[in-house]
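Comments concern the structure below.
Every read-out reported here was derived from the displayed coordinates using simple, explicitly stated rules and does not represent laboratory data. What you see is a predicted model, and the numbers here were worked out from it, not measured in a lab. As a convention, Cβ positions derive from the backbone with ideal geometry for all residues, glycine included, and neighbour counts pool all protein chains shown.
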Amino acid sequence: MFETIRRHLFLYGSFLKHNLKNEMIYRSNFMILVAMDIFFMMVNVVFFSIIFNNVKTIGGWNFYQLLILMGSVGIIRELAYLTFRQGFINIGDYIRTGEFDLLLVKPVSPKLHLGFRHISLTESLGEGIMGIILVAVGYAHLPDKHLLDIPLYLFFLFNSLIIYYSFCLMINSSVFWIIKSQELNTIVYYFMETARYPRDIYKGIGKALFTFIIPISLIGTAPASVLAGRSTGPLLFLSVGVALTLLVTGSLIWRVSIRHYSSASS
Amino acid sequence: MKKYLTLFRINWQNSLQYRASTVIYIFGYGLYVSVLLYLWLSVYHAGNQMGDYSVSDMITYYALQMVMNTLILSYISWDLIDQIREGFFSNFLVKPLHSLFYWFTINLSSKILEAIYISITGLVLFFFLREYFWFPRHLSTWFYFILSLFLLRGSDPPARPFSEMAAGDCPLASFSIYCFCPDRDLS
């Protein structure tokens, strides 16, 4: 068990080091990527500032609580790029060209290998940095703070990362049938854009849809609610329950889907 | 002309081959827009108002943005980037095709197919939100709207790096949508 973890950590470290060197070759590209992420996060802050000039709360969340929510989504996105996201973006190319064969014969799980091989520190670094700043600013402006807030927040950030991973796993399992993954991952990107809106805006069937099928209403709201002082027992339990259920379901779907891979050669 | 028609047909067939991913994309984009509608309904149902925009204005704005994003935005810049990086662009240079017409034809065939898909998504959204939608009464408003759409299309060169930006971010796109709002009906 420990040997397996140690081996995977070693693999992760090696890929991170290698990919970081690759990304740093194009320095101007690296700087533009970070600056653009920061710019777009600022655009979102301005967007909400404009709304809050006309309203006091959105779904019961005030401006500083929403800063925490926006920042949390930025941090989750960066964590995703540091673990699995870029691999899923590239999966269509692997399947279309038959390169997925190489992943299947390696002595490591294909989905882990796929994720690790493309880990990227810089792809969403600006969002991660801005995310931490927004969370810090939002939290500093809130009146009630508790000792357990930060460890609990970190736990639910990790929980949201699992939800995000499982969702990507389920969506990208369909690539074994439909081959192209670009559109699927654009949709995942759009959904993550909406994770920065509080869960309280949803009503009726939309609330169920965006909780259990497309879990974007939990990814940002669950961790942010802990720091924002809006967490409730049912919400947190629901978040953990959805993460576990989606992880199991996603892994099963992936296992079934991978059997439909038929390589690219004749 | 014949070679461009052939190109159109080939790309049309290519788009049809990967139709599942396009259908999922359009359906997912419809869901994305529905989240934005939830946001605005939540704001307006709490008794708030954004400037002089009514809830109908706002919903119509976002629904139009969905249609325009699908019809106007082009992702061929990404293909072009890949071709240049991987060296395949040299093959293109020796072909008897004008680059602008080539990319226009490729884009046109994909967009016509996408227009068919987006109409279905639009009809579903319209069915659920019909009480919020508003359509211009004057023919001139439709004229200005369509004209601005064409101007917008013309302002989108193949290698525009920010082509994935939302149509709402672009002044011309905002003008197109502006034409539609009831209090601003251009008569």
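Amide H to amide H distances under 5 Å link A:Thr83 with A:Ser120, where only residues 5 or more positions off or on other chains count and H is placed in the peptide plane.
Within segment A:169-266, list the trypsin sites (Lys or Arg not before Pro) lying in a DSSP loop whose Cβ has at most 16 other Cβ atoms in a 10 Å radius.
Working: sites: A:Lys180, A:Arg196, A:Arg199, A:Lys203, A:Lys207, A:Arg230, A:Arg255, A:Arg259; in loops: A:Lys180, A:Arg196, A:Lys203, A:Arg230, A:Arg259.
Sparse-neighbourhood loop trypsin sites (Lys or Arg not before Pro): A:Lys203, A:Arg259.
Karplus-based coupling profile of segment B:56-65, in residue order and whole Hz: 5, 4, 5, 5, 4, 4, 6, 5, 5, 4, with θ = phi - 60° in 6.51 cos²θ - 1.76 cosθ + 1.60 and x standing for Gly or Pro.
Pairwise alpha-carbon distances in chain A exceed 30 Å for 32% of all pairs.
Determine the shielding of peptide A:153-162 by partner chains: average, over its residues, the number of Cβ atoms on other chains within 10 angstrom of each Cβ.
Numbers: counts 0, 0, 0, 0, 0, 0, 0, 0, 0, 0.
Rounded to a whole number, the mean comes out at 0.
Annotation: amide H of A:Glu123 has no partner in the under-5 Å range at sequence separation 5 or more or interchain, hydrogens built in the peptide plane. What shape does the protein assembly as shown take by its C-alpha gyration tensor, where a ≥ b ≥ c are the square roots of the eigenvalues and a/c under 1.5 counts as rounded, a/b above b/c as prolate, and the rest as oblate? Oblate, since a/c reaches 1.5 and b/c is not below a/b. When the Gaussian network model of chain A links Cα atoms closer than 10 Å, the mean-square fluctuations of A:Ala195, A:Ala35, A:Ala228 top out at A:Ala35.
Among B:17-28, A:22-33, how do they line up by average Cβ neighbours within 10 Å per residue, starting with the highest? If you can, show how the numbers build up before the last one.
Working: B:17-28: 17.1, A:22-33: 12.2.
Going by the mean number of other Cβ atoms within 10 Å, highest first, we get B:17-28, A:22-33.
Relative to the current alpha-carbon distance between A:Ser14 and A:Ala136, full extension at 0.36 nm per residue lengthens the span by 40.8 nm.
3J(HN,Hα) along segment A:79-84, derived from phi through the Karplus expression 6.51 cos²θ - 1.76 cosθ + 1.60 where θ = phi - 60°, amounts to 4, 5, 5, 7, 10, 9 Hz, with x in place of Gly and Pro.
Only Lys, Arg, Asp and Glu count, each charged at its Cβ (+1, +1, -1, -1), so figure out the dipole size of the protein assembly as shown about its Cα centre, rounded to 20 debye.
Values: 33 positive and 26 negative charges, 190 e Å.
That gives a dipole near 920 debye.
Note on segment A:49-153: percent of Cα-Cα distances in each 10 Å bin, starting at 0 and stopping at the bin with the largest distance, equals 14, 31, 24, 18, 11, 3.
Charge dipole of segment A:66-118 (Cα centre as origin; +1 on each Lys and Arg Cβ, -1 on each Asp and Glu Cβ, all else neutral): 80 debye, rounded to the nearest 20.
If you plug the beta carbon distance of A:Met42 and B:Arg9 into 1/(1 + (r/R0)^6) with R0 = 35 Å, you get a FRET efficiency near 0.20. Taking the Cα centre of segment A:2-258 as reference, the dipole from Cβ charges on Lys and Arg (+1) and Asp and Glu (-1) amounts to some 240 debye. Note on chain A: GNM, Cα springs under 10 Å; of A:Ile178, A:Ile133, A:Ile89, the largest mean-square fluctuation is that of A:Ile178. I need B:Thr6, A:Thr83 ordered by Cβ neighbour count within 10 Å, fewest first. By the 10 Å Cβ count, ascending: B:Thr6, A:Thr83.
Ignore the peptide's own chain and count Cβ atoms of other chains within 10 Å of each Cβ in A:175-185; give me the average, rounded. Each step should come with its number before you reach the end.
On the way: counts 1, 0, 2, 7, 4, 8, 1, 5, 11, 5, 1.
So the per-residue partner count for this stretch is 4.
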